[in-house]
Amino acid sequence: MYKMVAVEDGLANITRALHDAGFKTMPLENQTLHNVQAVVVKGDGTDNLAPEWSISMPVINAAGRSADEVVDILRDRLS
């Protein structure tokens, strides 16, 4: 079964790498996080992840990481 990852706007290179690695993606902005196994953000996520949300999934900070590094982190955390 595929893994669904919500990706913050502006991370097109990471979205492409995730697709190439077999992940499905959806935009993070203005979305409910149903059926999402992980979230990728540009920074610490405080702009997009409201404090009242109960997030029980990996939130990956992509700042300073290559697309391949993000893919590897997600594979590790979602395996």
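For first residues located in the range 62-78 and in contact (Cβ under 8 Å) with a residue 12 or more places away in the chain and assigned to a helix (DSSP H, G or I), partners that are buried (at least 17 other Cβ atoms within 10 Å of the Cβ) and of a type in the set (S, T, N, Q) and lie 6+ apart or on another chain with Cβ distances below 8 Å form the pairs LEU78/GLN37.
All of (1) modelled with pLDDT of 95 or more; (2) in a strand (DSSP E or B); (3) of a type in the set (Gly, Ala, Ser) hold for ALA6 with one exception: (1). Inside the range 28-57, residues that are more than 17 Å from LEU74 (Cβ to Cβ) and either at pLDDT 85 or above or surrounded by fewer than 10 Cβ atoms within 10 Å (Cβ to Cβ) (or both) make up a count of 8. Within the range 18-37, if we keep just the residues that are part of a loop (DSSP other than H, G, I, E, B) and among the hydrophobic types (A, V, I, L, M, F, W, C), the residue that is farthest from VAL71 (Cα to Cα) turns out to be LEU33.
The values are calculated or read from the model by the stated rules, or taken from the named source; none is laboratory data. Predicted model, so just to flag it, every value in this text is computed and none were measured. Cβ coordinates were reconstructed from backbone atoms using ideal geometry, including for glycine residues, and neighbour counts include every protein chain displayed.
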